[in-house]
Each structure stands twice: as C-alpha cells, then as structure tokens.
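**Student:** Here it is, the structure in full.
The values are calculated or read from the model by the stated rules, or taken from the named source; none is laboratory data. All values derive from a computational prediction rather than experimental measurement. Every residue, glycine as well, gets a Cβ built from its backbone with ideal geometry; the counts of neighbours run over all protein chains shown. For the accessible areas, the whole protein counts, side chains as well, though only heavy atoms, and no ligand, DNA or RNA atoms are used. Shrake-Rupley method; radii C 1.70, N 1.55, O 1.52, S 1.80 Å.
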Amino acid sequence: MVKKSKKEKKGKGAEKTAAKMEKKVSKRSKREEEDLEALIAEFQQLDSKKMQVMETTCPPPSARLNASLSTHPERDELILFGGEFFNGKKTCLYNDLFFYNTKKNTWVKVDVPNPPPPRCAHQAVVVAQGGGQLWLFGGEFASPDGEQFYHYKDLWVLHLNPLKWEQIKAPGAPSGRSGHRMVLCKRQLLLFGGFHESRDYIYYNDVHSFSLDLFSWSRLTPSGSGPCPRSACLMSPTPDHSGVIIYGGYSKSRAKKDVDKGTIHADMFLLKREGKDDQEKWAWSRVSPAGVKPPPRSGFSGGVCVGVAGRALMFGGVCDDEDEETLEGEFYSDLYLYDVTKNRWYPAQLKGTKSERKKRRRGKKGEEGDHTEDNTEENASPQEPTEIVKEIVTEDGTVMTIREVVPVARAEPESDEEEDEDEGEEEGAAAAALIEPCGRSNAMVSVKGGRLFLYGGMFEVGDRQVTLSDLYSLDLHKMDKWDVLQEIDPKAQEWLEDWSDEEGDDDDEDDGDEEARGGESEEESEEDETEGEEEGDHPCVQAGESLEEYQCRTESYWVKQARANMGPEAKDKKVQKVGVAMAKVFYEEH
C-alpha cells in the first residue's frame, strides 16, 4: 500500500476545510439570500413585460464598474452588460445591454426580452458559432444598502443573430460566486476561482469546464500544485489553446476575531491539458516569468491581445496599504503585456506621435552641438514623467482632483530621410501631450481590431468613491498615444452620505431649519439642477433609461417628496424606502 505524501494529505485537508466553510456560508446566508431572491424576482417580473427587441441610439452608458465588455465576433462592435454603481448611499446593479460601434464611436441600447437579472463581477465569453454568442456565468447582486449579497450560479447565452437571451440549465454547475474568471479554450468554457461572501466568505481555486458540444458541466481535478484560492486574477488561454495562464488575484482571511486581512497575490501558474480529448488530463505547474513584472496589485483589468502577438494584458488596479484602522490605496494607470510564448512581462510605453518624435530628435541634435558639461535641471526635466492636474467640480459642489500622467516617450532611431520630412511643420504641432487615463481599478477592457478599449472603473478620493464613465482607446501596434473617446462626466459624480449614519444626526435638523427659514439647502440645490430635466411636476424618465438608472439620478428629489408627505418625525430609513418606492411607481407609470 502506497502512503500518501504530506503534500497530498495537506491538499485533502484544505479541501475538507473549504467544504466545511462552504457549508457554513450556505447555512448562514440562506435567509438573507431568500430576501434578495424576492427582490431579484421583482426585477425579472418587470423585464418579462418586454415582448420584443428594442434598439435605441443613446448617449454613453452611465458610470459603472465590474461590468463585462466583450468583442462582437463579426462586427466592429463591443458589448457592454451589467455592472454596479455606488453613490455613497445606495448601490445600483444593472442588467442593461449596450453595443458600441468602434468605427463610428456611437452607442446603442438594446432591450432584449427576458434578460439575466441585474449583476456585477460576472464573466462573459464570446463564441463565434451560430452567428455569434455571448456566454455569461455568475456574478453578484447586492441590496440597495450594500449589506447583503446574492451570488449567482446561473449560465446564460445571448444569441447575437437574431438577438435572444436563453438560460442554460445544465447539471453540475459551479457553486454561486463572483470575481471568478472564465475563458474559451477550444470547445469548452474554463472557469477558475472566485469568491462567495455574505456574513462569512470563502474563496475558491476549483476549475470547471462547460462543454459547448454536450452542454454539460464537469469539475476538473488537475494534478500538481495549483494556485491558492483567490478571485479577480488574470486568466488567459495559451496561443495553441492547450491550456491557460493564471496570474495574481486577491483573497481575504480572518487574522483576528472580526478583523479581515487582504492578500494580493503575484504568482503565476500554467494549467495545461494533456492526452486526447476522450482521455484528457490536466496538470498545474508554477511559472517563473522573466522581464519587468508588474508591481503587486488587485482590481486590475485583464484581457487578451487578439491578433497582437498573442499576448495577455493587464491595466491599472490598486495596491491597498491597510492596517487595523485605515485603508489607503494607490491606483495605477499603467499597462503591462505578457508574452506567453517567451514567458516574459513587458511594461507598455507610449512612443508618441511621429511629429513629436521628430521634435525630440531635433532637440537631441541641438544638445549634441553643445559641448558644455553643465547638465542643468531644466535640461533634464523633459526626461522625467510629468503630471497634468485636472480639477473637476461635480454636481454636488465637490472638487475632484484627477492626476493624469504624461509618461516618458521612447526615442526610436529613424532614417535621415524621415528626419528631413516636414521640417517646415510648426513646433506647436509636435507638442501634443501623451495623456494616459487616470489610475483606476475594476475597469472594463476589450481588444478589437488591434485596439485596446478601456471603459469606466473607479478610484477613491478620501472616503469618497468616484465611479467613472470615460472611454479611451490605444492602438496596440503603434503604441503612440491614448485617444480620448469620451471624457469624465462631472454630473455623474454625485456623492451622498450613507443614510444608515444619518438617523438622529444634527445635520439633518439644521437642513430642516434652513429650509424653514427660506434658505437653500443642499437637497434643494440638487433638486434645482434636476428640474432642468423635468416634464411637469416630477423628473421625467429619459429615453432608454432603466429603473435603476432613474432611481439613482432622481433619488434626492423623491426622498424629499417622501419627507414632505411623511413629516419631520419619520425615520430616515423609512423615508428613504418610501422615496425609492415612489420613484418606482412613477417610472412604471411613465
């Protein structure tokens, strides 16, 4: 009889511990999930009233993070689904569907009957078969106060031609989770990791496969030592689709009683398939990449550079410096590429436009003619990265300072013939700044036609979370500059206080006194700004606007209406709930 090694025993023990924790999580969160299931059922009932596909040309989607941004397999389009938004008081989850035309820079909102319920932190994978399909699994739904979570374990497919949502009920599905990763690997969807969080939490490192031929799930049992449980990692298929690369991720553990400690992972693994299709086996192996590795971070956005040397990419993220009392994060705006074939990381550096490179060369020639050895700070400064500081005044009067980095552009040797071209160009034409998106986490990225598209995400200013709705693109062949397709919308940056902390607050009484004196309160100011969009007595419902979007946009107005009806003695929580209900009724009637 062969004795089990210590590693095998340890692995079995970890599996038992994970199984016990999962059972514990399931029991404690069952009641909370039942409450959220009822709320989700209400959304599905509203969606069931949609009987036909409706396409509406629309402005860009609202600010959000943790949505999915996928490439259409046949058209010059990106597909945006779901996501979340938090305004300091309320969490909004979306299940809206948008198509972005990469050639025309236009958005279309598409209402398809019977969509998946609202969610974020899900995974979506595009498959070219059957006219194009978008496969979607899991994700999470949160209560409006952000205190309760429901984790989906459903599988959906959006048929792209013709447009139709279909829920696939296949046996053996993974447990409910969010923050997992899923990619296409030949004729199967591979799913790894994720987490489930309610009062307790559990992180996963299991691997599941969904067959696109058999429409069935199976759990893989790879040999070797794989990654520890984690979520939000980078998962990329190898060029020959014989396996996948796993990099980084995040997990949380309870170091002390009621004290959670987050861990940022920076290790890398290869999951490789061996053997024939009918007798396939999978094996984990650790990877030690060369090159310039990204600094550790979480919340980065990952993707695959389709048609660009088969590289994987990661953008941005945040590194939290946390102790028992404070949590501060450094948000990144850098881009890294990983070459699977060479097993090497590369930091992506912008080269600058052609005219800008000529200007640098002309400046370099002038420096070569100067034989002085005095290297002043003025001469050295152009070689250092600089920052452009923007101040944006939001709708509620808050001033946000956003720093955009102007990186050092790499000088590239070119022929004398190219240097002599367009010598008569004005110097101002060569002075265009190389602007990068501001640092952020949980943004959406996708690659189409050799271009990287970046949408939304979030960063923090003090205790305030700023959710973004800007859109950038970068040519991955030229690597010259980021193109700003859509700037940050200051009107979308309303930030409200948490109503759970407002009950009995003296500030509320002061606001009431100010209103009684005829002064203009903060809520009145917000209402006045909303009245410009109103038709009649109440804020109108805009074309193509979902219920969640309408409630977020008009929340302060409806809460004030509820307060007027319920009187000053009513508790803030009840007033808030009534305001939400009033907004819902008005939305459904209009």
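**Student:** Rounded to the nearest 10 Å², what accessible area does residue 79 show when all protein chains are kept and the probe is 1.4 Å?
**Tutor:** Here the accessible area works out near 0 Å².
**Student:** Something else: Keeping all protein chains in place, calculate the accessible area per residue for the range 74-212 (probe 1.4 angstrom), answer in Å².
**Tutor:** On the way: 4320 Å² over 139 residues.
Per residue, the range 74-212 has 31 Å² of solvent-accessible surface.
**Student:** Okay, next question. Among 565, 550, 582, pick out the residue whose Cα is farthest towards the positive end of the charge dipole of the range 547-589, where Lys and Arg carry +1 and Asp and Glu carry -1 on C-beta, about the Cα centre.
**Tutor:** Result: 565, furthest along the dipole toward the positive end.
**Student:** Do you know the relative contact order of the range 198-265, to the nearest whole percent, from alpha carbon pairs under 8 angstrom that are 6+ apart?
**Tutor:** Working: 87 pairs, mean separation 14.7, N = 68.
Here the relative contact order equals 22 percent.
**Student:** Over the alpha-carbon set of the range 547-589, divide Rg by the Kirkwood Rh and report the Rg/Rh ratio to two decimals.
**Tutor:** 0.97
**Student:** Determine the gain in length on full extension of the stretch residue 114-residue 463; use 0.36 nm per residue of separation and subtract their C-alpha separation, reporting nm with one decimal. If you can, show how the numbers build up before the last one.
**Tutor:** Details: separation 349, 0.36 × 349 = 125.64 nm, distance 3.77 nm.
Additional length available on full extension: 121.9 nm.
**Student:** Accessible surface of residue 54 in the full protein assembly, 1.4 angstrom probe, to the nearest 10 Å²?
**Tutor:** Approximately 90 Å² of residue 54 is accessible to the 1.4 Å probe.
**Student:** In the range 77-166, if the dipole is taken from +1 on Lys/Arg beta carbons and -1 on Asp/Glu beta carbons about the Cα centre, which of 122, 93, 80 is farthest to the positive end?
**Tutor:** Checked the options; the winner is 80.
**Student:** By average Cβ neighbour count within 10 Å, what is the ranking of 449-456, 182-189 from highest down?
**Tutor:** On the way: 449-456: 21.6, 182-189: 17.8.
So the peptides 449-456, 182-189, ranked by packing, come out 449-456, 182-189.
**Student:** With every protein chain present, what is the per residue accessible area of the range 547-589 (1.4 Å probe, Å²)?
**Tutor:** On the way: 2140 Å² over 43 residues.
Roughly 50 Å² per residue, with all protein chains present.
**Student:** May I ask you to give the percent of accessible area on the range 547-589 that is carbon plus sulfur, with a probe radius of 1.4 Å? Could you put the intermediate results ahead of the total?
**Tutor:** Values: 1190 of 2140 Å².
Its accessible area is 56 percent carbon and sulfur atoms.
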